[in-house]
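Participant: Below are the structure tokens for one structure; questions will follow.
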Amino acid sequence: MARSFLLTFISSFSIASTSVLGGQITTEGVVSIGYLAPSANTFVNEEAGKDAILSENVFRITYTADSRVALSGQLVYREAGDNYENELRVDFLQLDFRFTWLEDSEQTFTVGRFKSRQGLYNESRDVPFTRPSVLLPQSVYLDTTRNFYLSTDGFRLQSFHSLEESDLTFGYSVGKSVLDDQFSSVTLAKTATGDWKSENNHYMDARWESQNWTLGVSFADVSLDYQPAPGAYIPVDINGMTIPIPMVYGAFDATFQTYSLQYRQANWEITFEKIERNFDTEGFLASSNRAKSDLDGQYVQFRYFFSESLTGLIRYDVMDFSIYQNPSSPPLNDDASQAKDTTIGLLWNISDSWQFSVEQHFIKGGAWIPPISKTTVGDSFKSNWSLLAAQISYKF
């Protein structure tokens, strides 16, 4: 929480826009505090059913030298329980060059650390004012896989085209994933400590937007290598007994395809997104060779705008993890590798600067719960559980 107060302190001295060296500096940010109250299980904390504080704090600064060159960066401090790293991090730090190849178009070349454009919400997922709910639909924006393509160190080329009554955007980027110290815990096991190395990963996206419609498709190709720490192991449930199996060097290639569709009217909006995650894994356990697995999900979400300040939400969200493995690989727990969630929520824009959001989740299954690949679940695991989430945010 100390860094949360630090960002609040910084915000009190921020200046909206200042001229410096012939260019323009703009600062903005968000300070938020929230509450996550699960009825059971270890989605947010190591202790089943334990509540957690949700704190998301953002400070962004942009320097625009002219209409063609801009330098921008964003600091984020996010706190969301024991299972996720609570630290101040550089969310992005990028240099943008804008130019024009074709009429009615603009191209942008970006170098540095930037947010990947996967789905409708990934680029701004840590900013409460840009989300439809406190928690994004976990089938597509699973918090335990956020590091796969949250931020990338590399370069990106994006092309924007203005059509007669709509806009079309294409993007391609290449770079290394930015991983935190909790990555092993949420993907493998708390005991599977070790170092991860990202290869050069590739991302592509296309989006068409009109007054009422948004259609998008995103693709990611991610490769990571794992070097276990001495004594690292994964606990495997074999015939009711938990057996520690030592970790070995491992690597996987993952491809993500995300399809987005949104339709808007004056007082309502409906959104559908679907993601297909395909993993090709080699190593990790001494007894395993190669394995293929899928982590697929989709959701449909309806929002009704009662007024300019009050929005209601209802969402149905489904996720399923399946693995095609050799006989020596540990089995998955079926009940813990699926999840179905029905969410009812309310968002209140109190003013231009303040927002309050609250929602209730009714969940069946444990696919949200880290680690992703579950070989055992504790005695406290409950297939039917719920989660109350609330958050108040201030932007400056």
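The values are calculated or read from the model by the stated rules, or taken from the named source; none is laboratory data. Please read all numbers here as calculations on a predicted model, not as lab measurements. Quick reminder, even Gly has a Cβ in these numbers, built from the backbone with ideal geometry, and neighbours come from all protein chains shown. Keep in mind that these areas ignore ligands, DNA and RNA; they rest on the heavy atoms of the full protein, side chains included. Shrake-Rupley method; radii C 1.70, N 1.55, O 1.52, S 1.80 Å.
Participant: Compute the helix-to-body angle for 2-12: its Cα long axis versus the longest principal axis of the chain, expressed 0 to 90° and rounded to tens.
Facilitator: With rounding to tens, the tilt is 10 degrees.
Participant: With every protein chain kept in place and ligands, DNA and RNA left out, what is the accessible area per residue of the chain? Probe 1.4 Å, answer in Å².
Facilitator: Values: 18070 Å² over 396 residues.
Counting only protein heavy atoms, the per-residue value for the chain is 46 Å².
Participant: What distance in nm separates the two pseudo spin-label positions at Trp348 and Thr64, each 7 Å out from Cα along the beta-carbon direction?
Facilitator: A separation of 3.5 nm, rounded to one decimal place.
Participant: Once you put a point 7 Å from the Cα of Thr191 and another 7 Å from the Cα of Val248, both along the Cβ direction, what distance in nm separates them?
Facilitator: The answer from the label model is 1.9 nm.
Participant: So, one more: Taking K and R as +1 and D and E as -1, what net charge do the other residues with C-beta under 12 Å from the C-beta of Gln262 add up to? Show your work: numbers first, answer last.
Facilitator: Numbers: positive: Arg207, Arg264, Arg303; negative: Glu209, Glu269, Glu273.
Local charge sum for Gln262: 0.
Participant: Rounded to whole Hz and in sequence order, give me ³J(HN,Hα) for region 306-321 from the Karplus expression 6.51 cos²θ - 1.76 cosθ + 1.60, θ = phi - 60°, writing x for Gly and Pro.
Facilitator: Those phi angles translate into 5, 7, 5, 10, 10, 10, x, 9, 9, 9, 10, 9, 10, 9, 8, 10 Hz.
Participant: What does the extension gain come out to for Leu95 and Phe362, with contour length at 0.36 nm per residue minus their alpha carbon separation? Could you put the intermediate results ahead of the total?
Facilitator: Working: separation 267, 0.36 × 267 = 96.12 nm, distance 4.26 nm.
Result: 91.9 nm gained on full extension.
Participant: Carbon and sulfur atoms: what percent of the 1.4 Å accessible area of the chain do they account for?
Facilitator: The C+S portion of the solvent-accessible surface of the chain is 58 percent.
Participant: From the square roots a ≥ b ≥ c of the eigenvalues of the alpha-carbon gyration tensor of region 88-184, which class results: rounded (a/c under 1.5), prolate (a/b over b/c), or oblate?
Facilitator: Here region 88-184 falls in the oblate category.
Participant: Still on this structure: If one computes the Cα centroid of region 113-139 and of region 22-68, what distance in Å separates the two points?
Facilitator: Taking the Cα centre of region 22-68 as reference, the centre of region 113-139 is 11 Å away.
Participant: Another question, if that's okay. Calculate, in nm to one decimal, what Phe302 and Leu215 gain on full extension: separation in residues at 0.36 nm each, minus their alpha carbon distance. Walk me through the numbers before you get to the answer.
Facilitator: Values: separation 87, 0.36 × 87 = 31.32 nm, distance 1.63 nm.
My answer for the length gained is 29.7 nm.
Participant: At 0.36 nm per residue, and after removing the present C-alpha to C-alpha distance, how many nm does the segment from Leu310 to Tyr35 gain when stretched out fully? Walk me through the intermediate numbers first.
Facilitator: On the way: separation 275, 0.36 × 275 = 99.00 nm, distance 2.03 nm.
Length difference between fully extended and current span is 97.0 nm.
Participant: Under a crude label model (7 Å from the Cα following the beta-carbon direction), how far is Gln265 from Asn278 in nanometres?
Facilitator: 3.8 nm
Participant: If you average 1/r over every pair of different alpha-carbon atoms in the chain and take one over that average, what Kirkwood value in Å do you get? It would help to have the intermediate numbers written out before the result.
Facilitator: Details: mean 1/r = 0.0449 Å⁻¹.
Its Kirkwood hydrodynamic radius stands at 22.3 Å.
Participant: Further question on the same structure: To the nearest 0.05, what FRET efficiency results for Glu47 and Leu388 with a Förster distance of 30 Å applied to their C-beta separation? List each step's numbers first, then the result.
Facilitator: Details: r = 17 Å, r/R0 = 0.56.
Result of the calculation: an efficiency of 0.95.
Participant: Restrict the search to region 127-212; then list the GluC sites (Glu not before Pro) that DSSP places in a loop and that have at most 13 other Cβ atoms within 10 Å of their Cβ.
Facilitator: On the way: sites: Glu164, Glu165, Glu199, Glu209; in loops: Glu164, Glu165, Glu199.
Qualifying residues, ordered by number: Glu164, Glu165.
Participant: Roughly speaking, what is the centre-to-centre gap between region 210-260 and region 300-314 when only Cα atoms are used, to the nearest Å?
Facilitator: Their Cα centres are 34 Å away from one another.
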